[in-house]
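Undergrad: The structure that follows is given in the form of structure tokens.
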Amino acid sequence: MALFFGQIAYVHTFCCPMPLPAHLIEELAHNPRFVAYVLGDPDAQDEWESWLAEHPDKAPLFFEAADLVCTLHDTQAHLPEEEINQLWNDLASRLDEDEA
């Protein structure tokens, strides 16, 4: 679902170059039910699809906020600790090889 929102927001930047109010985007992006919808919670689907149908003029705001949620969610993704340790070990090995 995140890719869908990313594509729509990307298209939006070409269709509607007028800047959107950042505080409204942030307000929507901080709404826990909206975040759940963007991240694929089926329980939130009807609520937000109805909201969008009732407020078609807010579509650019909706999709910009959804894109922000997707970006933040992707940024906050965690690597398993084991993988982080392996990356550090690989880096240390490369540094040791460069010094030799």
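Here, each number is a calculation from the coordinates, and none is a lab measurement. As the structure is a prediction and not an experimental result, all values here were calculated from the model. Please note: Cβ atoms are built from the backbone with ideal geometry, for glycine as well, and neighbour counts cover all protein chains shown.
Undergrad: Simple spin-label model, 7 Å along Cα-to-Cβ: Leu39 to Gln86 in nm?
TA: Between Leu39 and Gln86, the simple spin-label model gives 2.5 nm.
Undergrad: Need one number: nm distance between label points at Glu54 and Ala22, each 7 Å from Cα along Cα→Cβ, rounded to one decimal.
TA: Each label point is offset 7 Å from its Cα along the Cβ direction, giving 3.0 nm.
Undergrad: FRET efficiency for His73 and Glu97, Cβ-Cβ distance as r, R0 = 25 Å, nearest 0.05?
TA: Calculated value: 0.10.
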